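The values are calculated or read from the model by the stated rules, or taken from the named source; none is laboratory data. Computed from a predicted structure; not experimentally measured. Every residue, glycine among them, receives a Cβ derived from its backbone with ideal geometry; neighbour counts consider all protein chains shown.
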Amino acid sequence: MSNQKKRNFQIEAFKHRVVVDPKYADKTWQILERAIHQIYNQDASGLSFEELYRNAYNMVLHKFGEKLYTGFIVTMTAHLKEKSKLIEAAQGGSFLEELNKKWNDHNKALEMIRDILMYMDRTYIESTKKTHVHPMGLSLWRDNVVHFTKIHTRLLNTLLDLVQKERTGEVIDRGLMRSVIKMFMDLGESVYQEDFEKPFLDASSEFYKVESQEFIESCDCGDYLKKAEKRLTEEIDRVAHYLDPKSEEKITSVVEKEMIANHMQRLVHMDNSGLVYMLLHDKYEDLGRMYNLFRRVTNGLLTVRDVMTSHLREMGKQLVTDPEKSKDPVEFVQRLLDERDKYDKVISTAFGNDKTFQNALNSSFEYFINLNARSPEFISLFVDDKLRKGIKGIVDVDVEVILDKVMMLFRYLQEKDVFEKYYKQHLAKRLLSGKTVSDDAERSLIVKLKTECGYQFTSKLEGMFTDMKTSEDTMRGFYGSHPELSEGPTLIVQVLTTGSWPTQPAVPCNLPAEVSVLCEKFRSYYLGTHTGRRLTWQTNMGTADIKAVFGKGQKHELNVSTFQMCVLMLFNNADRLSYKEIEQATEIPASDLKRCLQSLACVKGKNVIKKEPMSKDIGEEDSFYVNEKFTSKFYKVKIGTVVAQKETEPEKQETRQRVEEDRKPQIEAAIVRIMKSRKILDHNNIIAEVTKQLQPRFLANPTEIKKRIESLIERDFLERDSTDRKLYRYLA
Amino acid sequence: MGISKDRIKFNVGGRLFETTATTLANAGRNSFFGALFDDGWNLSPQDSVIFVDRNSDCFAVLLDLLRTGDLNVPANIPERLLHREASFYGLLDHVRTARWGPFDGNRLRLSDSVKGTSPGDGTAIRAGPDGGCCVAHGSVVHVYDWMLEEHSPINLDYQRVNDVGWIDSDNIVLSACERLGRGDGGMGLFSSSSGDLRYKFQVSHENQVKSYTAGALSFSPDYEIFASCKGRSNEYGIGVWDQITGKQTDFFYESPGWSLGDADKLQWLNGKNCLLVATLFPRKDNCYISLLDFRDKNMVWSWSDIGSPMATDEKRVRDAIAMEDSNSICVVNEFEDLGFIDLRMYGGSVRWSSRSKLMKSKMPDEPCYPKLALHEGQLFSSMNDSISVFCGPDWVLTSRLRRSYGGSICDFSIGGDRLFALHSEENVFDVWETPPPPII
């Protein structure tokens, strides 16, 4: 503004007025306008660039920049209006080609016009901050061609039609498509989005809404997912071929929403093909497809996971509560392991090792394993089975694998202390009967338990191993000091520390004289070397190898239990004995004796004695005699004891009771530990904290905790707050 | 044959030239030549001579520039003509970059002296980023582009200008005094090419817009503008504005007994993320130098000569500049003695370097206080009619720039690879440039 005023004071302005022909600007502009026409009509060969450039330069120099600028806009607008009519006139398929051709022409012309107007672009437009020639040319095209009413919707519909055609399997001219879409992108992001992308997404959404409805009515889940996956890759492919890469996310989300999110529940729950079907029939490929598709939508995986979890729980519940399955503990645990392996495989192959799925699997197992109170016992029995004989011949690595799997199940157990109880019993049996196959495997499992539950958990188990070792040394010492005993029967004693081993009521019995003499010698030897100890014979745990000669002179070595030995030894002095006589002579408790006789007389092929009358069960009036006709192709014959592998009902009660008894001091210790640090705590909190602290071992029963608190109050460890009865106070 | 295809003939204003397409390609696509040889214009270079209706002498110079990258202007060609022609061909940027070389304080040569029309002494001169400059005279700022063509002068309500600064090659910030009760003055953003006022910066105190006097200016690379401000009531301190939105973003109020609002000099320290604020004698009786951290509104370092035993008149600090590389502040007294203050110590003292006081005896009629500038490890100090250049870790005097007329240098500024020095006795400023690198 002040610029103009100042100029007026200068003399130079006078010169300009003289030089300039009043029609100069119009004349010059006419030349340029004609050139623009020629350029658009592709008739530029006769034009002199130098002349046009110079004319445009002169116009700006002589302050006609404004005229030049508006003139260029008016001329170009007129041209584009004309072109748009031509494009509009194009029929059918040639419409898009015509548009594309005119667009390319326009670009070329725009480039040339910009060249002519370069000086204006650099000086006049720069200083007046107007739109530069090139972007101006693009927006004129947008306003006069793309947004021309007769082209706008037709262009969009043509493009959407072509996409639709391609979706229904027709082949379209992707190159043409790409150039036209590229035009939208060149015109600016907002033009592309408003004039193409948004309607395209809307149309796609409509298309997939209809299609997905069709599919879901006609296909099963697996096929549906295959189709959805195909559509998704098609759309991604489409974006790569002729759309803006930024559209990929948007179009995939449309497909995801219409094809997956909207039908999620129905797909998952589809009868005879849904998720449960896939799980039951090991359809890993379909499961993987489902995972990959569902992960794309919100709550997709959550839905899959929920259905898998409820299926797992249902299946697991049936498995553990089925009384048939509980009959064979080894089979029971093996089934659990198989299920676990199966789902591990599903998660690793189909669900991309998704952590949340692993967690769901773990929580489901934890849920149903604990539904059966006997799970700890069964798991221990399974281990027992494996360590007794199952592992024979399996290489160490496989042993480790099995043990690791068992540990996995062990982790799910809430009542780990119950497992410990059973494990101790089973381990004791294995150790004492010498049936443990691999010492390494045994120790390996103990190490695993130790890392899982701590030193306290396994100290007694380790004590058992120590006892076994010391007993070997003791026996060597015993026979060393009694060289005369090398003749006659051999006695092997295992000295077990009370407390480390599962306590079993010592069942008294009358040992045969030969044995009891030896026992006495050992007792005096042992007590002589270790003062202040007490020895009790656990005859119910022992075994014996005895040699027997049968009727035709055939010799056999019989491997029997201590009780069986006592019974058989009686037949050295008698041919026939009644049940009563045997009971009197051995003083073995009735239940044990019956079992013992059953195994000697009633097992086919191993019945070294015969019973009268012949029957499966032992009656009080039965009588027994040696089976002189006994034959076996083996020299050594092992007479098994008819043991109920599983516990009998009263035994179970007993174990349970022992467990409960053992828990009491642990609960009390936890209460005292907590109160010692907290000093004052209310009832609910103390229950919660105790439960939490004992979690790794067992799930404490709130009523039991309450009882323990009462007991501690009685013993003056705690007191109730005098004002608030809910509060407990720690007494130092 | 391949060589001849490359050949191009021009008839410029009646004179014949012959060159190659390769040479012309150096002009770039966005030039007359770039467009001329574009495929759109089906030119057949072999059989025709291209006519260009322009000055042939200038064409020769510019063709040479494209051939060699060197600009050699014969004495008979006026600068303005050459620039006009370069502008026609779109080669103005080529001319500018060939004109002078990268800045080196020890290789400067005087390239021009520009005489202004304003009466009275200049206040400040500021170099622009692309070789232009602006000069504040009283209430008006004259703007020159790199061709030293003067554009429309700028003013803010014709109030006395305290400082000016370039935000970029097209935007200048001007700080001015307020007139009591009129709400004018303060700070404005101007277009350097048209001189139009684009934006006026405001100070708000307790949600009320206040009129104020803006003093020294500084800019940070984070698009912030700092200015020392004096308001009517107690808006004394340093204001901060956003260069893009123009809105005030912060205000550092000065504490009692310390001076910020009167500051002579602000300097943004990018490495330390701090602003150096220096208020110096004679604006105040004492000197106050402080570093402000705006992130936690904290004065992280300060120095003052209040109560200093050595505060004799001879050791008055007249200008200060922070040198981040050596963690120190360089100060200068009126005898051009340099002193250094360690930034790592709080409240340290000035370590003056003893230089001979040659100037003391022959002071000119109109003495000017020394000013300091720092450019890529070179320290510049103006004193009377000369500028000294110091280099190296011990700041050894390596060059002295002086010319015979114009009197003392009241301000100087370095930017756009040029040094501008404004004289106080006559209204003239000098332009110093580093010549282009030698031929071999």
Checklist line | Criterion violated by residue B:100 - all others in (1) more than 14 Å from every other protein chain (Cβ to nearest Cβ); (2) farther than 30 Å from residue B:137 by Cα satisfied | finding: (2)
Check: In the range A:71-125, how many residues are within 14 Å of chain B (Cβ to nearest Cβ), crowded, with 17+ Cβ neighbours inside 10 Å and within 60 Å of the chain's Cα centre (by Cα)?
Finding: 1
Checklist line | Residue match in the range A:621-644 (condition: crowded, with 18+ Cβ neighbours inside 10 Å, out of contact with any Lys or Arg (no Cβ under 8 Å at 6 or more places or on another chain) and free of Cβ contacts under 8 Å to residues at least 40 places away in the same chain) | finding: no
Check: Does the range A:4-23 include one or more residues that are surrounded by 12 or more Cβ atoms within 10 Å (Cβ to Cβ), at pLDDT below 85 and assigned to a loop (DSSP other than H, G, I, E, B)?
Finding: yes
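Per-residue answers, yes or no, for (1) in a helix (DSSP H, G or I); (2) touching a residue at least 24 places away in the same chain (Cβ under 8 Å); (3) touching a His at 6+ places or on another chain (Cβ under 6 Å):
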residue	(1), (2), (3)
A:423	yes, yes, no
A:428	yes, yes, no
A:442	yes, yes, no
A:448	yes, yes, no
A:477	yes, yes, no
A:484	yes, no, no
A:491	no, yes, no
A:506	no, yes, no
A:515	yes, yes, no
Margin query: Being surrounded by 13 or more Cβ atoms within 10 Å (Cβ to Cβ) and within 14 Å of chain B (Cβ to nearest Cβ) narrows it down to one residue among A:47, A:68; which is it?
Written below: A:47
Check: Taking the range A:126-151 as the search range and keeping residues that are basic (Lys, Arg) and within 30 Å of residue B:170 (Cα to Cα), which one is farthest from the other protein chains (Cβ to nearest Cβ)?
Finding: A:130
Checklist line | Residue count, the range B:235-260 (criterion: touching a strand residue (DSSP E or B) at 6+ places or on another chain (Cβ under 7 Å), assigned to a loop (DSSP other than H, G, I, E, B) and surrounded by fewer than 23 Cβ atoms within 10 Å (Cβ to Cβ)) | finding: 6
Next item on the list: List every residue pair whose Cβ atoms lie under 6 Å apart, where the two residues are 6 or more positions apart in sequence or sit on different chains, the first residue falls within the range A:99-120 and is free of Cβ contacts under 8 Å to residues at least 24 places away in the same chain and on the phi < 0 side of the Ramachandran plot, and the second residue, located anywhere, is buried (at least 20 other Cβ atoms within 10 Å of the Cβ) and not small (Gly, Ala, Ser).
Entry: A:114/A:133
Checklist line | Test result for residue B:84, in contact with an Asp or Glu (Cβ under 8 Å, 6 or more places away or on another chain) and either in a helix (DSSP H, G or I) or within 14 Å of chain A (Cβ to nearest Cβ) (or both) | finding: no
Margin query: Which count do you get for residues in the range A:266-302 that are in a helix (DSSP H, G or I) and farther than 15 Å from residue A:228 by Cα?
Written below: 9
Notebook entry, point to check: For the range A:571-611, what are the residues that are in a helix (DSSP H, G or I), surrounded by 16 or more Cβ atoms within 10 Å (Cβ to Cβ) and free of Cβ contacts under 8 Å to residues at least 60 places away in the same chain?
Noted result: A:579, A:582, A:583, A:593, A:594, A:595, A:596, A:597, A:598, A:599, A:600, A:601
Margin query: Need the failing condition index for residue B:193 against (1) assigned to a strand (DSSP E or B); (2) within 14 Å of chain A (Cβ to nearest Cβ), just the number.
Written below: (1)
Note to self: Checking the condition crowded, with 17+ Cβ neighbours inside 10 Å and at pLDDT below 90, which residue from B:36, B:92 passes?
What the structure shows: B:36
Notebook entry, point to check: When the residues of the range B:200-212 are filtered to those that are modelled with pLDDT under 90 and assigned to a strand (DSSP E or B), which remaining residue is surrounded by the fewest Cβ atoms within 10 Å (Cβ to Cβ)?
Noted result: B:208
Item checked: Filter result for residue A:339 (in a helix (DSSP H, G or I), closer than 30 Å to residue A:380 by Cα, among the acidic types (Asp, Glu) and at pLDDT below 90) -> yes
Margin query: residue B:397 - would you say it is in contact (Cβ under 8 Å) with a residue 60 or more places away in the chain, out of contact with any Pro (no Cβ under 8 Å at 6 or more places or on another chain) and within 20 Å of residue B:336 (Cα to Cα)?
Written below: no
Next item on the list: Quick one: count up the residues across the range A:18-44 that are over 22 Å from residue B:37 (Cα atoms) and within 13 Å of chain B (Cβ to nearest Cβ).
Entry: 0
Notebook entry, point to check: If residue B:400 satisfies every condition in (1) within 13 Å of the chain's Cα centre (by Cα); (2) basic (Lys, Arg); (3) loosely packed, with under 15 Cβ neighbours inside 10 Å but one, which is the exception?
Noted result: (1)
Next item on the list: Looking at (1) free of Cβ contacts under 8 Å to residues at least 40 places away in the same chain; (2) out of contact with any Asp or Glu (no Cβ under 7 Å at 6 or more places or on another chain), find the lone condition where residue B:373 falls short.
Entry: (1)
Check: Given the conditions (1) away from chain A (no Cβ under 12 Å); (2) buried (at least 16 other Cβ atoms within 10 Å of the Cβ); (3) free of Cβ contacts under 8 Å to residues at least 12 places away in the same chain, which single one is not true for residue B:63?
Finding: (3)
